[in-house]
1. Would you please name the residue that is surrounded by the fewest Cβ atoms within 10 Å (Cβ to Cβ), looking only at residues in the range 136-153 that are out of contact with any helix residue (DSSP H, G or I) (no Cβ under 7 Å at 6 or more places or on another chain) and at pLDDT 90 or above?
2. Condition first: in contact (Cβ under 8 Å) with a residue 12 or more places away in the chain and either under 25 Å from the mean Cα position of the chain (by Cα) or within 19 Å of Glu56 (Cβ to Cβ) (or both). Now tell me which residues in the range 218-240 satisfy that.
3. All but one of (1) surrounded by 14 or more Cβ atoms within 10 Å (Cβ to Cβ); (2) in contact (Cβ under 8 Å) with a residue 12 or more places away in the chain hold for Gly87, so report the exception by its number.
4. May I ask you to list the residues in the range 172-183 that are within 28 Å of the chain's Cα centre (by Cα) and exposed (fewer than 13 other Cβ atoms within 10 Å of the Cβ)?
5. What helices (runs of 4 or more DSSP H) completely inside the range 31-133 contain at least 3 residues that are within 22 Å of Phe11 (Cα to Cα)?
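The values are calculated or read from the model by the stated rules, or taken from the named source; none is laboratory data. Worth saying up front: this structure is predicted, and the values here are computed from it rather than measured. Glycine gets a Cβ as well: all are built from the backbone with ideal geometry, and neighbour counts include every protein chain shown.
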Amino acid sequence: MILKLKNPLAFFDLETTGINIAHDRIVEISILKILPTGEEEKLTSLINPGIPIPLESSLIHGIYDDKVKDAPHFNDIAKSLLKFLEGCDLAGFNILKFDVPVLVEEFLRTGINFDITKKKMIDAQKIFHLMEKRNLAAAYKFYCGEILENAHSAEADTKATYEIFKKQIELYDGQEVEDMQGNKLGIIKNDMEAVHNITLQKMVDLAGRMVYNEEGDEVFNFGKHKGKKITEVLEKEPMYYDWIQKNDFPLDTKRKLTEIKLRQFNKK
């Protein structure tokens, strides 16, 4: 369908150094501007944030310091960006709580008042949450066809979850499950080990910093050694183990890595 627009509608998304609106910076911006005629204009740019990108953020969006070191700073593109968005209404996913406030902050740091008071703002996430609720009560109604009484009572919620799970097994029995990348995870069936293997597919640690590859080997799932066998990395670069132990990784990740290291040592 063609959207009925009076003003251009700019769909945009930001990747940032973190989620603190006051302090974090943009590392990438992408805008798809839809004109009232239906024509499209695109603008995408990496941005040097001027501060180090925390590892935990890079693990999410895949943008590391070396990727943005030669990119323009926000100050360098602020005026052209403002011109590109001139007269546009704004749209995106979760833009009201995050993307718009971050963008306004970045403009203010350059001395530009990005006035949004006259712009219409469309947040697809808000529509999604309003129309397709994803809480326990909504799941109970969807799978069991009943209204959940006494929601947020531990006993009622526990019983509802049990009923939902039984309906899920019944509804999806024999169906193959794929992840967002199209990787096949397994088949749902009335077998708790099979369900367990789907829900915790390939994870070595609970945070997913280490996973199993297709051959069943434990590999790192982040950073410069992503996809490499953990045992080989520890053999060639033993200080990498120390770096993980000293930095802000979950205790479970550190514990599992230690188990792998000790297992490797005991094999020698």
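1. Among them, the one singled out is Gly145.
2. Glu218, Phe220, Asn221, Phe222, Gly223, His225, Gly227, Lys229, Ile230, Tyr240, listed by residue number.
3. The one condition Gly87 does not meet is (1).
4. Gln175, Glu176, Glu178, Asp179, Met180, Gln181, Gly182, Asn183
5. Numbers: elements: 55-61, 65-68, 74-84, 100-109, 124-131.
Per the criteria, 74-84, 100-109, 124-131.
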